[in-house]
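Everything on this sheet refers to the single structure shown next.
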Amino acid sequence: MYTTSPHFIKTTNLPTKDMAPMMHAQHHMINHATFTIEVLYAGLIIAICAIIYAKTRELYTLSGHEGIKHFKNTFFYFALAYLFRITPLILQTLDIYPRGLRIGYLTTYLLFAYASSMAILSIMRSVSHKKLPKGILQLDSTYQLIAILLATIVMLLGSPLIFFTTQASLIIAAFIITKTHHNKKTSTTYITYLLLLLFWLLNIAITITPRFLQTTTYTLYTLSTILFIIILVKVIGRTK
Amino acid sequence: MNKKRERLEVINDILFIIREHDNSIKPTPLLRYSNLSSQRFSEYLKELQEKKLIKELDNKGRKHYTLTDKGFKYLEKYQVITGFVDEFEL
């Protein structure tokens, strides 16, 4: 689909203003159909996440329930992650080159990594908040720090592989902790959370690696969208 | 043996008691009806006031508690909240 990574480029190869004409030519290889699908996909997921967040926010305001808090935060951070995932592509394709191009890309990369980490950690906390030991593991600031640290490491090293590895490690840790603390081992809800994490990991892989899953990208996008829609329908059904 | 009540259920019980007493009840009967230890009762009362689900009124030196609009809404939405928590296993 892309001859180079559609979204992120290693910091050593970041484009400068002098390279703008080259970038322009290169990104016309990303045809309109592909660009439209990418933007529609991101836009749809962001909209679904925003609705889920809004619907669950009232429940949290009333109840102060920790699980609901982390559940709504999950979709808040997923919305941010999908937004920062698509931003570089939009900027490149529309030939918008902000001043300080390198800084702009690095910042987006940092925010993408941060939002992704927080989304994963929020899912884990929503399911296992009751069973986590009291103290430092119950503090919001602990998880914010972990996400910021991971994002900073990823940005400084500038390696897509490091980014993928850190997110995969986080997802595996979340899966293990969730499985350990989960009461009903094979419930559909648990499987939904698992698929959400797995699809997100595949989305990251597609974002950072040009030809990864090239032929099945649209299938993944469709399945991801269906999953988010299923969650949205459940949320709407339960918040009437 | 009764299982331990979850936090949401305890809050619901306290708010329900206040509403059932014409939305005005003194601390001592509230403690008695809530079936909580005095320490836990004080903790919950503090939380309910901080979250603005109840308010404390003073009528000629006699303290009593009433529900706020938010407190009424909690009672209305309690089943929705617990249903949501159960559905998503939170």
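The values are calculated or read from the model by the stated rules, or taken from the named source; none is laboratory data. Nothing here was measured: the structure is a model prediction, and the numbers come from that model. Backbone-built Cβ (ideal geometry, glycine too); neighbour counts: all protein chains shown. To get the accessible areas, we keep the full protein, side chains included, count just its heavy atoms, and leave off ligands, DNA and RNA. Shrake-Rupley method; radii C 1.70, N 1.55, O 1.52, S 1.80 Å.
Summary of values
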item	result
From phi via Karplus (6.51, -1.76, 1.60), per-residue ³J(HN,Hα) for the stretch B:15-31 in Hz, x at Gly/Pro	5, 4, 4, 4, 5, 5, 9, 6, 6, 7, 8, 7, x, 5, x, 4, 4
Charge-dipole axis of the stretch A:122-240 as Lys and Arg at +1 and Asp and Glu at -1 on Cβ define it, positive-most pick from A:169, A:189, A:217	A:189
Cβ-defined net charge surrounding residue A:67, 12 Å radius [Lys, Arg +1; Asp, Glu -1]	+1
Ranked by how many other beta carbons lie within 10 Å on average, peptides B:58-64, A:228-234 from highest	A:228-234, B:58-64
Relative packing of A:216-225, A:86-95, A:65-74, which averages over residues the other C-beta atoms within 10 Å, highest first	A:65-74, A:86-95, A:216-225
Rg/Rg_ref, the stretch B:4-61, where Rg_ref = 2.2 N^0.38 Å and atoms are Cα	1.06
10 Å Cβ neighbours from other chains, averaged over peptide A:126-135	1
Relative contact order of the stretch A:108-203, pairs being alpha-carbon contacts under 8 Å that are 6 or more residues apart, as %	39 percent
Over 27 Å (Cα to Cα) - which of A:72/A:130; B:26/B:73; A:55/B:70; A:179/B:51; A:179/B:70; A:55/A:134 fall in this group	A:179/B:51; A:179/B:70; A:55/A:134
Contact order relative to length of chain B, as percent, for alpha carbon pairs under 8 angstrom and 6 or more apart	30 percent
Buried accessible area, chains B and A (both chains, 1.4 Å probe, Å² to nearest 100)	2000 Å²
Radius 12 Å from Cβ of residue A:232, net charge of other residues (Lys, Arg +1; Asp, Glu -1)	+3
Shape of the stretch A:26-125, Cα gyration tensor, a/c cut at 1.5	prolate
Expected 222 nm ellipticity per residue - DSSP helices of 4 or more, -39500 (n - 2.57), all of chain B, to 500	-19000 deg cm²/dmol
